[in-house]
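Okay, so here's the structure we're looking at.
The values are calculated or read from the model by the stated rules, or taken from the named source; none is laboratory data. Just so it is clear, the model here is predicted, and its values are computed rather than measured. Ideal geometry is used to build each Cβ from the backbone, glycine not excepted, and the neighbour counts take in all protein chains shown.
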Amino acid sequence: MKSSTRITRHAKNAIIGIALAVFLLWTVFPLYWVVITAFKDQTAVFQSPPLWWPNTDGVIAFGQLMATGVIYNFQSSFIVSISSTLAVVFIGALTGYAIARFKAGGNFLPLWILSQRMLPPIAFIVPIFLMFSTLELVDTYQGLAYAYTAFNLPYAVWMMKTFFEELPVEMEESAEVDGCGKLGAFARIALPLAAPGIVATVIFVFIMAWNEFLFALVLMRSVKMFTLPPTEYIFYYGPTSGVRYNVASMQALLAILPVLALSVYIQKYLVRGLTFGAVKG
Amino acid sequence: MSKKSEENNISRRKYLQIAGGTVAGLVVGGALGYVAKPEVTVPPTTVTSTVTETVTGTVTAPPTTVAMDTGQIAVEAAKKFAGTHIGYVVESGFDEGCCKAFAEEWNKLTGMNVEIIAQPTFGVREKVITEGMAKTGAVDLVNTFPIWYPDFIAGKYIVPLNQYIDKYQPDMSDVIFKDYFTASTWQPGVTWALPIDGDVFMLYYRKDIFEHPDERKAFKEQYGYDLAPPETWQQYTQIAKFLTRKPGEKLMGQPVAAQFGGQIEFRSKGGVFWWFFNRIGAYGGRYFNKTANNIDPAINSPACIQALKDMIECTPYGIPEAAAVAYAETIGGMEAGSGAMNIFWPMFGPHCQYAPGSKVVDKIGYALMPGVKQQDGSILHRAIMAAGKVINLTSDSRNPEAAYLFAQWITSPAVHQRCVMWATPTALGALNPVRRREFDPAPWAQEYNTTSDPYNVRAGNPTPWPGAVDYVKADEVNLKVGLPDILVPGWAEFQESIDTELSNAVTGKKTAENALNDCHDQWVKFIDKYGKANIMQWYLPEMYEPGYLKW
Amino acid sequence: MGWIEAKWTRRRYGLLMVLPCVAVLASLMIVPLIYELALSFHEWVWGSGLGWMFNWGLSYVKVLTDPRFSTSLYNTLIIGGSSLALEFAIGFALAFLLNREIRGRSVLVAAFTSPMMLIPVMVAHLWRIMYFQGSGPIDPIVKSVLGYSILWLQDPWASKFANVFANTWEWAPFTMLILLAGFTAIPVTLYEAARVDGASSWQMFTRITLPMARPLIVLALLIRAMEEIKLFDVIYLITTGGPGTETETVTLYIFRQAFQFLDMGKAAASSFILLIIVTVIATVSIRYMYRP
């Protein structure tokens, strides 16, 4: 009996390992293609049959990319994404906790918040653009960051709310009894316990801001102020510029690096949340 | 139990709120609409069926004894505007590269600050309208397609240039099709723009394949005439069929690794309509039939249906998934050596020659668009003048005169000659000739038969381009048989409709007749939507007859 | 008295804490919403030189009778629905597989999350390059497995699924992330207690993990469903709604009305119809989420 459970355990591990490997391959293969496309020359991208390995060194695409002044677009993306993410997580955590614990706004408020995200952004563009241009917020970092804050709050609030609701109330109540006060209970007990959820929210919101395309295209005007997605669209789409896929791929690679770094850095908080849960019992 | 009734109460409350909001919205909206409605004005027009050569103002003799180039005049006059910021919207990609370089040159010469705002092709129009509606003043100049004229003029987003032309006297003496480009055809005496780009589709083919003895022999045996750039669309299909090779079959004596296409034209949704319009002219097809009181779409006439059928017939003689070929694949595929013939804008010529990694350097030939044999044995050739650009001044520009001076400079003979020969690594052939003198092969030979760069237009491209002279000659002959784009209000919806139906036909979902008939029905609805009188006023049938536009 | 007092402080705290959120959202959402609602009852074509013209809701009729609109709803259902199903299947499987002690788990999670981080425009470019026959790698793989080629960009059904796969590849990590966060938050003690009671890992999964993570599952479903309905970037760049109208979804339809035809009245009307549909779906799901 003991040896059979050991064998089944090995078999189970093997199956898990194979499954993970298959998924990993499926995830990574297109990324591999982006990498080699970035290092091919412009015409080799369209070679038939396809090249499975780059035929030139990547300095060419990188040089062309830098020559377009894309560094400003990186800067713009950073500023707008980081500021809006911080704002969203801060406001979202407060709001999510209030709704989860204090039932603030009853049933109506959470639904109203979520409903703000239901209308397709395309429908909003015209009035928001007119509003922003009257307030002179067009082509500014703060304007776009404010818009992103408003867009991502609904999801952030709901994610936080759900994560806070998961936590047992006893921990916070005992903290209050110990003299923490409501906000103290929030800051010292609830937040750390909900760390995995907060991490997921931060990653999600940052990615949404980093990748958002439509409003960045409309609310920014000068090329230096554009964030990365509109740059990708403007420079590499259409009859006269849609050919330089290698430079576009190089830009894609560089654009993914900050987000990747962020998520790797934050991963450890995901793990820390797990151990918190274990200690709790 | 109480919770359920509470829920019901809440949902009832929500419905009341929504209903109340709707009513409030109606009231607010009605009030807003009443207040926001501007006067309805129709642009002043006269319906003419004959074009009179327009004379723009009286010519006064310049005070100096030495005649200055009109570009230099602009530079001198612009120096007093030093420091002014001008926003110039152009198509991203090639236009952008070329215009940026010249904008920098201008900024150095005059001290002004012209900034290029790049937009993807069909985003240029939205940009102008968006900024114009908000009256931001951010956009002063724009490279416009003439197809947008009706929308821009009706919405008053651009202004005529007569006052500046009278003052600064640009040299427009040898601009081809001047009245079409400047929209003077519709309003004689009014000049709406300075022409900057003469687009037309050209036929490109692989010279090396067409001259290869094995291929020539096999083709002559099979079809009975010599392998040469096709003169009729029928020959085009035959040559495409002949030159398509499956993997393993031989091309020029060598087996091909992947399918080689006889033709790799653009066929995907999102532009295929231009390639269709490119054909209908030669078949005698027209966009609309206009009578004294009525206008009816004519794109489902037998001529057009035949053109579409021929187009569908030759589509499979290409690379796999030929019906999905879009801009990237048609350009990239040709340069990777996957196709024998192609039809595209003039920029394709320099692009094939100078694109990094291009496998068709010195191998491309340039020819006249195929045509259709007429009753009397002659062949009628037409080529679509797709897009074609002019430079417009926006109505909300804060510095119109300064902006105009830049426009005059970049379209002036000496400067524009350099623009059309521009072929730097990132702007491989941007703007195209639009003056008669720019078709003169001498400057092209001087520039491209050498490794030096006498006109300073191809930094980093020392490779000569012996085909440059043939290229500009082919550009000229195609323009001479050019068929203008349609200019009607609301063109975007017409375009989307025919683009979709053509895509349906090319992928085999609908037959050619059904697709074009459906398109006809949709177009009739659009004519109602945008106003029959409006459309009739902009559509001048005689403009699309061969030889009508003055060269 | 202590209880009433506690309730009063809770309400005060609650209101204060939600105030910033409400302020931000109201400023940017309420006014435009009213504007759009009003606009949907008028006819307004940019660039025509005419202003708003009240048309008694005729725009709604025009949209609802437009065959292209119903096609777009159908396409949205197919493309969005398939994407959702696939994203969930894959995200679930991944969260399940990763919800255990594995060496280098954080690296694996980061690797699996990477597709989500690519800008959608670039994902679309990438997949279009990969799909195009002749120069893309997908065709050789498909041909060797199936024996024939699939015309991903040309065939009506294949083009729908071309978008589905690209979309799934990009967003399955999202469901994985949320589900994983939910799974890992479940205290280990529960599992230990269950193992003591002799439960198999499958039983532990279905009786402990799933029920406890249920709100998160529904949340992820809800968010992804709404995002699928609003899907635009990827489809616009891979197939542009083609061939014909095979992959034109509702957002693409609205986009064309708003930015190609500049028919703002019709765009507003179709947006509101979409809003109603989404609201219905969301309300139903939320009711389900709160069922005990």
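The figures follow:
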{"item": "Scan of the range C:119-139 for residues that are within 7 Å of chain A (Cβ to nearest Cβ) and over 14 Å from A:TYR245 (Cβ atoms), ordered by number", "result": "C:ILE119, C:PRO120, C:GLY134"}
{"item": "The range C:13-33, residues that are at pLDDT 80 or above and either in contact with a strand residue (DSSP E or B) (Cβ under 7 Å, 6 or more places away or on another chain) or more than 23 Å from A:LEU144 (Cβ to Cβ) (or both)", "result": "C:LEU15, C:LEU16, C:MET17, C:VAL18, C:LEU19"}
{"item": "Residue among A:LEU135, A:LEU119, A:LEU144 that alone is touching a helix residue (DSSP H, G or I) at 6+ places or on another chain (Cβ under 7 Å), more than 7 Å from chain C (Cβ to nearest Cβ) and not polar (S, T, N, Q)", "result": "A:LEU144"}
{"item": "Extreme residue, nearest to the other protein chains (Cβ to nearest Cβ), among residues of the range A:36-87 that are more than 30 Å from A:ILE203 (Cβ to Cβ), of a type in the set (A, V, I, L, M) and in contact with a helix residue (DSSP H, G or I) (Cβ under 7 Å, 6 or more places away or on another chain)", "result": "A:VAL45"}
{"item": "Qualifying position, being more than 19 Å from the chain's Cα centre (by Cα), assigned by TED's automatic domain parsing to the domain that holds A:GLY184 and part of a helix (DSSP H, G or I), among A:GLY143, A:GLY106, A:GLY92", "result": "A:GLY143"}
{"item": "Filtered residues of the range B:158-175 (kept if at pLDDT 90 or above and either within 12 Å of chain C (Cβ to nearest Cβ) or assigned to a loop (DSSP other than H, G, I, E, B) (or both))", "result": "B:ILE158, B:PRO160, B:LEU161"}
{"item": "Matching residues, the range B:309-325, being within 14 Å of chain A (Cβ to nearest Cβ) and either acidic (Asp, Glu) or surrounded by 24 or more Cβ atoms within 10 Å (Cβ to Cβ) (or both)", "result": "B:GLY318, B:ILE319, B:GLU321, B:ALA322, B:ALA324, B:VAL325"}
{"item": "Residue identified as of a type outside the set (S, T, N, Q), outside any helix (DSSP H, G or I) and more than 14 Å from chain B (Cβ to nearest Cβ) among C:ALA199, C:ALA181", "result": "C:ALA199"}
{"item": "Test: residue in the range B:409-416 that is of a type outside the set (D, E, K, R) and at positive phi", "result": "no"}
{"item": "Filtered residues of the range A:212-233 (kept if in a helix (DSSP H, G or I) and either farther than 13 Å from A:GLN251 by Cα or more than 11 Å from chain C (Cβ to nearest Cβ) (or both))", "result": "A:LEU214, A:PHE215, A:ALA216, A:LEU217, A:VAL218, A:LEU219, A:VAL223, A:LYS224, A:MET225"}
{"item": "Hits in the range A:106-142 - residues which are closer than 15 Å to A:PHE213 by Cα and among the small types (Gly, Ala, Ser)", "result": "A:ALA123"}
{"item": "Any hit, the range A:191-212, residues being of a type outside the set (A, V, I, L, M, F, W, C), closer than 26 Å to C:TYR13 by Cα and surrounded by fewer than 21 Cβ atoms within 10 Å (Cβ to Cβ)", "result": "yes"}
{"item": "Residue identified as crowded, with 21+ Cβ neighbours inside 10 Å and touching a Cys at 6+ places or on another chain (Cβ under 7 Å) among A:ILE91, A:ILE99", "result": "A:ILE91"}
{"item": "Flag for C:SER159 being of a type in the set (S, T, N, Q) and facing chain B (nearest Cβ under 10 Å)", "result": "yes"}
{"item": "Single match in B:ALA307, B:ALA292 (criterion: assigned to a loop (DSSP other than H, G, I, E, B), assigned by TED's automatic domain parsing to the domain that holds B:GLU231 and either more than 23 Å from the chain's Cα centre (by Cα) or under 16 Å from B:GLY508 (Cα atoms) (or both))", "result": "B:ALA292"}
{"item": "Every residue from the range B:82-96 that is surrounded by fewer than 22 Cβ atoms within 10 Å (Cβ to Cβ) and farther than 20 Å from B:THR136 by Cβ", "result": "B:ALA82"}
{"item": "Qualifying positions in the range A:38-66 - in a loop (DSSP other than H, G, I, E, B) and under 25 Å from A:LEU228 (Cα atoms)", "result": "A:PHE39, A:LYS40, A:ASP41, A:GLN42, A:THR43, A:PRO54, A:ASP57, A:GLY58"}
{"item": "Complete set of residues in the range C:214-232 that are within 7 Å of chain A (Cβ to nearest Cβ) and part of a helix (DSSP H, G or I)", "result": "C:PRO215, C:LEU216, C:LEU219, C:ILE223, C:MET226"}
{"item": "Members of the range B:489-545 that are within 12 Å of chain C (Cβ to nearest Cβ), over 26 Å from B:CYS314 (Cβ atoms) and not in a helix (DSSP H, G or I)", "result": "B:PRO489, B:GLY490, B:GLY531"}
{"item": "Pair list, Cβ < 6 Å and 6+ apart or interchain, from the range B:74-93 residues that are over 18 Å from B:ASN143 (Cβ atoms) to residues that are of a type in the set (Val, Ile, Thr)", "result": "B:VAL75/B:THR110; B:ALA78/B:THR110; B:LYS79/B:THR110"}
{"item": "Residue in the range B:409-416 that is in contact with a Gly (Cβ under 6 Å, 6 or more places away or on another chain), crowded, with 23+ Cβ neighbours inside 10 Å and of a type outside the set (Ser, Thr, Tyr) present", "result": "yes"}
{"item": "Per-region count, the range C:151-204, residues within 20 Å of A:LEU24 (Cα to Cα) and over 30 Å from the mean Cα position of the chain (by Cα)", "result": "0"}
{"item": "Evaluation of C:LEU153 against (1) more than 13 Å from chain A (Cβ to nearest Cβ); (2) in contact with a Lys or Arg (Cβ under 8 Å, 6 or more places away or on another chain); (3) closer than 20 Å to C:ILE223 by Cβ (one fails), failing number", "result": "(3)"}
{"item": "From A:PRO154, A:PRO192, residue being in a helix (DSSP H, G or I), more than 7 Å from chain C (Cβ to nearest Cβ) and in contact with a Lys or Arg (Cβ under 6 Å, 6 or more places away or on another chain)", "result": "A:PRO154"}
{"item": "Which numbered condition C:ARG105 fails, given (1) in contact (Cβ under 8 Å) with a residue 60 or more places away in the chain; (2) surrounded by fewer than 19 Cβ atoms within 10 Å (Cβ to Cβ); (3) touching a helix residue (DSSP H, G or I) at 6+ places or on another chain (Cβ under 8 Å)", "result": "(1)"}
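Residues are listed down the side, and each one gets a yes or a no for (1) closer than 21 Å to B:GLN235 by Cβ; (2) of a type in the set (Val, Ile, Thr); (3) at the interface with another protein chain (Cβ under 10 Å from one of its Cβ atoms); (4) buried (at least 24 other Cβ atoms within 10 Å of the Cβ):
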position	(1), (2), (3), (4)
B:ARG279	yes, no, no, yes
B:GLY284	yes, no, no, no
B:ALA303	yes, no, no, no
B:ALA307	yes, no, no, yes
B:GLY333	no, no, yes, yes
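Residues checked against (1) modelled with pLDDT of 90 or more; (2) surrounded by fewer than 23 Cβ atoms within 10 Å (Cβ to Cβ); (3) basic (Lys, Arg):
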{"residue": "B:ALA430", "(1), (2), (3)": "no, no, no"}
{"residue": "B:PRO443", "(1), (2), (3)": "yes, yes, no"}
{"residue": "B:SER452", "(1), (2), (3)": "no, yes, no"}
{"residue": "B:ALA459", "(1), (2), (3)": "no, yes, no"}
{"residue": "B:VAL472", "(1), (2), (3)": "yes, no, no"}
